[in-house]
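To start, the structure under review is shown below, and the notes come after it.
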Amino acid sequence: MFWEYKIVYFGLDMVPPKVMEEDEYEERLMGGEEMLNEMGKDGWELVTFLSHTTATKVAKTHAVMKRVKTS
């Protein structure tokens, strides 16, 4: 069995010192959930999240996905 991988932007940027309001955070989180559910329908499985901070101090989150390679 072989796997293919995909890294997708998860959309939860945090820019210090801004504190995200709870409603905005929940809305973004639900958007991420919808994205993961759609990808799951296409056979993708979540492996892990990658978080990093850019040079401009923006914290970004990406999801690492995998699925069985069909060809």
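The values are calculated or read from the model by the stated rules, or taken from the named source; none is laboratory data. Predicted model, so just to flag it, every value in this text is computed and none were measured. Note that we place each Cβ from the backbone using ideal geometry, even for glycine, and neighbour counts take in every protein chain shown. For accessibility, only protein heavy atoms count, side chains too; no ligands or nucleic acids. Shrake-Rupley method; radii C 1.70, N 1.55, O 1.52, S 1.80 Å.
Enumerate the pairs (first residue in region 13-32 and at pLDDT below 80; second residue anywhere and in a loop (DSSP other than H, G, I, E, B) and open to solvent by 100 Å² or more (accessible area, probe 1.4 Å)) with beta-carbon separation below 6 Å, excluding pairs fewer than 6 apart on the same chain, so at least 6 apart or on different chains.
If the second residue must be in a loop (DSSP other than H, G, I, E, B) and open to solvent by 100 Å² or more (accessible area, probe 1.4 Å), the pairs left are Pro16/Lys57.
Please go through region 40-71 and give me each residue that is assigned to a strand (DSSP E or B), among the aliphatic types (A, V, I, L, M) and open to solvent by less than 40 Å² (accessible area, probe 1.4 Å), ordered by number. Give the derivation first.
Start the filter on region 40-71 by keeping residues that are assigned to a strand (DSSP E or B), which leaves 45-53, 59-68.
Of the ones still in play, those that are also among the aliphatic types (A, V, I, L, M) are 46-47, 50, 59, 63-65, 68.
Selection gives Ala59, Ala63, Val64, Met65.
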